[in-house]
Amino acid sequence: MLGTLARVSFQDLTGYSDAYINYPRGTSIWINFTACFMIAFFNNIPALWDTILEDSDKKTIKELPLYLGLTSGFCGSFSPFSGAIVEIFFATIGRPAPNNGYRVMDFFAALIISFALPSYGYVLGLHFAKLSNHYILTNSTPMFTYKNSIRLRFLFNVLGFAAFIANIVLSAKLNVNYWYKSSYSLSLLIAIPGALTRYYLSLLNPKFPKFPIGTWLANIVGTLLVSVFELLLGGLNREGKLIISNHVHRFAVNAFILGFTGALSTMSTFIHEVHNLNKPHLQHIYFWGTFAPSLAIIIVIVGSYAWTEGMQI
């Protein structure tokens, strides 16, 4: 819920007219850059995790709820892979261009920016973690104990449950046009099953060390669903009207885009896994094996409809 809240808010803050990176639908570039920076930082601060592990019965950091909450929970829900694919697609077909050659240039520009910046954010987070680990964390590790991590987990459990109940009430009581309901309350609730689905899919990853199949499934399914939802929101019928014109129905579909698919797919975990596959050919297989099918999915579902019936971009 916190990752989705931060994602929607951050996306609104970084989208404004005449921005250097200006995508009218709301760019995911800054979100994915920040999330990749954070996941690299959290994965490379042994002075923090080793101290917590010393007092626990856990063997690895992946068994620590705090680590899972920060990486899989927050960073995973904060960084939508499907959002990047949608942005690359609509930045190519949804913008005026003198000819198709310039559209190809737009496509590669969107591709490079959407994946290169998050990858650089990961590298930057890695170096910042090393710096912090050496100069900061080694002098303040007494506060990073397993008991304190349990206290922190309890605090987040209480706050999370309270936020869950509050958003149920707000989703039921607020008018659909109210700003919090239109952007947050229902999306935060729907994000929960999306993030949980991704987490349980990630449990398949250890069985396929050369190709993280769980994350791959989460990103492919997330892209498939967001393509369908985008088609429902922007598709035009033969009379030139929107397929879904009812305001409440459009609100619900948009909540699934922001909530479920945004929390299901993840750029930060994807970039983390690409960087940590131990052989270059495995990195390329995983990257292109995720990107190419995702792009093909949105082209087939949204592109074929946009080029035949029409879309409102």
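Adding -39500 (n - 2.57) for every DSSP H run of four residues or longer, then dividing by how many residues the chain holds, sets the calculated 222 nm ellipticity at -21000 deg cm²/dmol. Across the alpha-carbon set of the range 122-264, the Rg to Rh ratio works out to 1.10, Rh being the Kirkwood radius. By the gyration tensor of its Cα atoms, with a ≥ b ≥ c the square roots of the eigenvalues, what is the shape of the range 1-85: rounded for a/c under 1.5, prolate for a/b over b/c, or oblate? Verdict is prolate for the range 1-85. Against the criterion of solvent-accessible heavy-atom surface with a 1.4 angstrom probe, Ile112, Ile299, Ile271 sort, most first, into Ile112, Ile299, Ile271. Here the range 198-288 was treated as a single set of alpha-carbon atoms; its pair distances binned every 10 Å from 0 give 16, 37, 23, 16, 7, 0 percent.
Of the residues Thr269, Thr308, the one with the largest accessible area comes first in the ranking Thr308, Thr269, computed with a 1.4 Å probe on protein heavy atoms.
Pairs of Cα atoms under 8 Å, at least six residues apart: use those to get the relative contact order of the chain, whole percent.
Reported as a whole number, the value is 26 percent.
Selection among Leu5, Asn44, Thr71 by position relative to the dipole of the range 2-92 gives Leu5 as farthest towards the positive end (Cβ unit charges, Cα centre).
The portion of the accessible surface of the range 14-88 made up by carbon and sulfur, rounded to a whole percent, is 57 (1.4 Å probe; DNA, RNA and ligands excluded). Taking Cα atoms only, the orientation of helix 247-256 departs from the longest principal axis of the chain by about 40 degrees.
Based on protein heavy atoms only, the range 126-231 ends up with 60 Å² per residue of surface accessible to a 1.4 Å probe. The dipole here belongs to the range 106-241: it is taken about the Cα centre, uses +1 on the Cβ of Lys and Arg and -1 on the Cβ of Asp and Glu, and is about 460 debye.
A convex hull fitted to the Cα coordinates of the chain yields 142 cubic angstrom per residue.
Ordering Gly259, Ser28, Ile150 by the projection of their Cα atoms onto the charge dipole of the chain, which places +1 on the Cβ of Lys and Arg and -1 on the Cβ of Asp and Glu, puts Ile150 at the extreme positive end. The count of lysine pairs in the chain that are at least 8 places apart or cross chains, and whose C-alpha atoms lie under 30 Å apart, stands at 23.
The accessible area of Thr197, taken with all protein chains in place and a 1.4 Å probe, comes to roughly 60 Å². Taking the accessible area of the range 162-313, probe 1.4 Å, and keeping the other protein chains in place, the carbon and sulfur fraction comes to 69%.
Summary of packing: across the peptides 243-250, 146-153, 257-264, 69-76, the per-residue average of other C-beta atoms within 10 Å ranks them, highest first, as 257-264, 69-76, 146-153, 243-250. May I ask for the angle, rounded to the nearest 10°, between helix 213-234 and the longest principal axis of the chain, with both axes built from Cα atoms and the value confined to 0 to 90°? The helix 213-234 is inclined about 30 degrees to the chain.
When the residues Trp49, Trp307 are ordered by accessible surface, computed with a 1.4 Å probe over the protein chains alone, the sequence from largest down reads Trp307, Trp49.
Only Lys, Arg, Asp and Glu carry charge here, each on its Cβ (+1 for the first two, -1 for the last two); on that basis the range 222-313 has a dipole of about 20 debye about its Cα centre. For the chain, the longest principal axis of the C-alpha atoms and the axis of helix 146-173 are separated by about 30°.
The values are calculated or read from the model by the stated rules, or taken from the named source; none is laboratory data. Being a predicted model, the structure only gives us computed values, none of them experimental. All Cβ positions, even for glycine, are placed from backbone atoms using ideal geometry, and neighbour counts span all protein chains on display. Ligands, DNA and RNA are stripped out before the accessible areas are found, and what is left, the full protein with its side chains, is counted by its heavy atoms. Shrake-Rupley method; radii C 1.70, N 1.55, O 1.52, S 1.80 Å.
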